[in-house]
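Enquirer: Input: one structure, supplied below.
Every read-out reported here was derived from the displayed coordinates using simple, explicitly stated rules and does not represent laboratory data. The structure displayed is predicted, hence computed values, not measured ones. Don't worry about glycine lacking a Cβ; one is built from the backbone with ideal geometry, like all the others, and counts go over all protein chains shown.
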Ligand code: SAH
């Protein structure tokens, strides 16, 4: 049975028209789901009894179950169980500009980035749109506040689950629903070039972030297997085209791994690669995990890297370190659960 949270307002309108109802029913159902937040069709009291019965027979409202929560000062980490027993996680970060939720897009991930905990555990399946939507609803229910920003940087590669991700964005952006501003949504990809090109043609406004992590193919090949399929030059071509067509600034994420990609030479190469591009670089101090041998770069190295980019006129920030105490790096909580390690 299809889950009601899988439906965009447009899909619901089409559905109601098909069954001989008015399309206004879609707005009513959306209002119950996303404004009033009821969790049963029986509570949708402005719908006729017959229609409620029909909806109950044709849609599920299955949810995702919060099984573990870890809190720190500005960060909360949620572990959810899905209908089939699989687990995913979402991380809420409290910024001065609002609540930003990092959502997972897949159970596991096939991209195999060497430094990433999620990639250690192979992809089991895509998340459905409803399982993405419910991460937001469940977290809002917990904090009793709005999530204002959404980043697709949890477990999984969003562009490896493209259609569900786009549907999810459509649902949460609906002004008569959860109403997360399109510019408050960021999709992060390891660089699946054909999908970057497809994304360029979508409704404008969603932010694009590229997990670059290396200025040369030599280095990137070693840490990100996806680079065997799509080279840095291919990514840069697609990004230039995206910027030209959308007029949006692109973010490049760059994890600093000690002795791997954090040298002055790397910084200079990165500055040259990005020169003149409408972009900014987010330097990420590596969050060490017990299973992976990579180490965080020392503070001085990070600062030197930052300075070189600045001198090269690149917009750059160093990401604030959130949640190393609560296993906030991508995939860590799920991975601990699967390996049976508790902290
Ligand atoms: N697959 C997508 C989104 C998920 S990863 C992508 O690659 O962009 C989200 C970001 O977290 C990526 O930039 C990823 O490289 C980074 N990341 C993964 N493990 C990390 C760790 N241990 N410490 C810091 N950042 C990490």
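Enquirer: Arrange the following residues from fewest to most other Cβ atoms within 10 Å of their Cβ: 89, 18, 13.
Expert: Numbers: 89 26, 18 8, 13 20.
Listed from fewest to most nearby Cβ atoms, that is 18, 13, 89.
Enquirer: Also: What is the distance in Å between the Cα centres of the range 98-112 and the range 51-95?
Expert: Between the Cα centres of the range 98-112 and the range 51-95 lies a distance of 13 Å.
Enquirer: Could you give the nm distance between label points at residue 303 and residue 60, where each point is 7 Å from its Cα heading toward the beta carbon?
Expert: In this crude spin-label approximation the distance works out to 5.4 nm.
Enquirer: Hey, another quick one. Any chance you could run the full-extension gain for residue 11 through residue 293? It's 0.36 nm times the residue separation minus the Cα-Cα distance, nm to one decimal.
Expert: 96.9 nm
Enquirer: Apply 1/(1 + (r/R0)^6) to the Cβ-Cβ distance of residue 95 and residue 69, taking R0 = 22 Å, and write down the FRET efficiency to the nearest 0.05.
Expert: It comes to 0.70.
Enquirer: Let me ask another. Using Cβ contacts closer than 10 Å as the measure, can you line up 289, 216 from fewest to most?
Expert: If I rank by nearby Cβ atoms, fewest first, I get 216, 289.
Enquirer: Suppose a student asked you for the relative contact order of the chain, using Cα pairs under 8 Å spaced at least 6 residues apart; what percent would you report?
Expert: Details: 623 pairs, mean separation 50.2, N = 343.
Once divided by the residue count of the chain, the mean separation gives 15 percent.
Enquirer: Separate question: To the nearest 10 degrees, how steeply does helix 49-58 sit against the main Cα axis of the chain, on a 0 to 90 scale?
Expert: Value to nearest ten degrees: 40.
Enquirer: Note the per residue figure in Å³ for the convex hull of the C-alpha positions in the range 56-171. Show your work: numbers first, answer last.
Expert: On the way: hull volume 14.2 nm³, N = 116.
Measuring per residue, one finds 123 Å³ for the Cα hull of the range 56-171.
Enquirer: Full-extension gain between residue 237 and residue 24, please, as 0.36 nm times their residue separation minus the C-alpha to C-alpha distance.
Expert: Using 0.36 nm per residue and subtracting the Cα-Cα distance, I get 72.3 nm.
Enquirer: Kirkwood Rh over Cα pairs of the range 216-316 into Stokes-Einstein at 25 °C, 0.890 mPa s: D in µm²/s? Can you show the working numbers first?
Expert: Numbers: Rh = 14.4 Å.
So the translational diffusion coefficient is about 170 µm²/s.
Enquirer: Give, in nm to one decimal, the length gained when the segment between residue 179 and residue 52 is fully stretched (0.36 nm per residue of separation minus the Cα-Cα distance).
Expert: That works out to 43.2 nm of additional length.
Enquirer: Can you give the angle from 0 to 90° between the axis of helix 232-246 and the longest principal axis of the chain, with both taken from C-alpha atoms, to the nearest 10?
Expert: Roughly 50 degrees between the two axes.
Enquirer: From the square roots a ≥ b ≥ c of the eigenvalues of the alpha-carbon gyration tensor of the chain, which class results: rounded (a/c under 1.5), prolate (a/b over b/c), or oblate? Write down the numbers at each step before the final one.
Expert: Numbers: a/c = 2.18, a/b = 1.68, b/c = 1.30.
In terms of gyration-tensor shape, prolate.
Enquirer: Would you mind ranking 224, 61, 93 by Cβ crowding within 10 Å, fewest neighbours first?
Expert: 61, 93, 224
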